[in-house]
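The values are calculated or read from the model by the stated rules, or taken from the named source; none is laboratory data. Quick caveat: nothing in here was measured; it's all calculated off a predicted structure. Don't worry about glycine lacking a Cβ; one is built from the backbone with ideal geometry, like all the others, and counts go over all protein chains shown.
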């Protein structure tokens, strides 16, 4: 009986494991998984179920005592225990909101832009929006260009004066050595992606990646240093496909790194960012849904790309000098048409929430040469889930500037009015159409009022967040309800699972109507009612409502 009592005590606290200092095998601080969660930014978005508690399974006896899952429970009759679920979410669903199109953001003005302009990356650095991407002249010569904007809408071409075009340096073209010595083939620039590295010294604050090729001789040198870090599919057309890296102090003057970052087939936009939580560089690129070749085929001819469907790969590294070849993490799912591919990745995060990872690949359909932008989400960049809802963006009617095909690019930015915007390149003709009259321009997929994914209760819903430490004492909400609907919030202590004083549903001032980052209050008090650094959970009751995000300050 004494043993039984001890087990019961352990069972009631099964989710709270006490770790003693002497049990930790190292003096360094270890990050253990589990509660309380922390936010990497000051916002919480419900892009998947990551921040929503799944509830607790619990059976009770006729006296209201919780019954542990141990052997003596077998002595109970089949009707002696009562099930009382706790904190079970109900009546809610996630729904992606379709984007609105805006553009073109800028039109051709100079000879080097005759066939088109593309913004492959848009970033906000301080108070300035910056864009990088290729432009193409009438002779189909591509060059990298740089653009700036104060509001993200009206773009200028800074006169950099560093690259000569037909005898003049009065242009916005970037100085970038784009090929290794002896490399053959033209510059594509379509793999180009830029990011700001918060961990780097000023001389390498900006980093970039792009696709390229190296000769068999260059590949042999690479093998001497990295004998195992290459992919056989990288060998194409008498050369090797590679990912290349470049660094810059200002985003304008670039230095190409001497060695490839990876050797693999990567002929689409390559996206890299520095993950503050992982403390690693994470790379996303083209991968392929293709199986091993039969060992019974003795011919030397290899045609792996013929059966392959385009997919998305991922790799990570401690430094920005070398990555192992990517591993496939996302393939076309069974509910896709058998003619559909995942053409690019467009990994980004939501402004104010670095851990809210999103991906906007284009579904490229061989059946009619069309592209459609869809949405996936992740909390760790390794496991990705398709977000329910309609496609994010489709090509406009044929004849429009983006009526042929379109591809999304990082990063998602926040415009001064609170609109979320994601850059994309729109093409006048379908992707594989003969490109003699190719025309392309940049635009935005936009979500006014930052309303990207809705946590929706069509009728009555409720849920509890996981336990987390809020990065502030006050909370704002981005939500909308019908006139007959409302949202109520209460704050729960992690220590004793009790509602904080004055922060109950009964105290909450009902949230009704269109609320765009407006304070949540309890009898006019806008504080969460907890001390700084205290772990809490939030309970929500919803009626005919949509929640788009929370902000703490």
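A few points about this structure:
- Scanning segment 168-199 for residues that are surrounded by fewer than 16 Cβ atoms within 10 Å (Cβ to Cβ) and at pLDDT 95 or above returns 168, 169, 170, 198, 199.
- Members of segment 394-419 found to be buried (at least 17 other Cβ atoms within 10 Å of the Cβ) and touching a helix residue (DSSP H, G or I) at 6+ places or on another chain (Cβ under 8 Å), listed by number: 419
- For first residues located in segment 254-270 and free of Cβ contacts under 8 Å to residues at least 12 places away in the same chain, partners that are part of a loop (DSSP other than H, G, I, E, B) and surrounded by fewer than 21 Cβ atoms within 10 Å (Cβ to Cβ) and lie 6+ apart or on another chain with Cβ distances below 7 Å do not occur.
- Restricting segment 46-80 to residues that are touching a helix residue (DSSP H, G or I) at 6+ places or on another chain (Cβ under 9 Å) and surrounded by 15 or more Cβ atoms within 10 Å (Cβ to Cβ), the residue that is modelled with the highest pLDDT: 59
- Scope segment 461-481; condition closer than 14 Å to residue 539 by Cα and in a strand (DSSP E or B); matching residues: 461, 462, 463, 464, 465, 468, 475, 477
- Evaluation of residue 433 against the conditions (1) assigned to a strand (DSSP E or B); (2) exposed (fewer than 15 other Cβ atoms within 10 Å of the Cβ) shows that the sole unmet condition is (1).
- Condition met for residue 484 (buried (at least 20 other Cβ atoms within 10 Å of the Cβ) and assigned to a strand (DSSP E or B)): no
- Any hit, segment 352-365, residues being closer than 20 Å to residue 191 by Cα and in a loop (DSSP other than H, G, I, E, B): yes
- Residue count for segment 442-453, restricted to those that are assigned to a strand (DSSP E or B) and surrounded by fewer than 21 Cβ atoms within 10 Å (Cβ to Cβ): 1
- Of everything listed in (1) in the same structural domain as residue 377 (by TED's automatic domain parsing); (2) outside any loop (DSSP other than H, G, I, E, B), the single unmet condition for residue 95 is (1).
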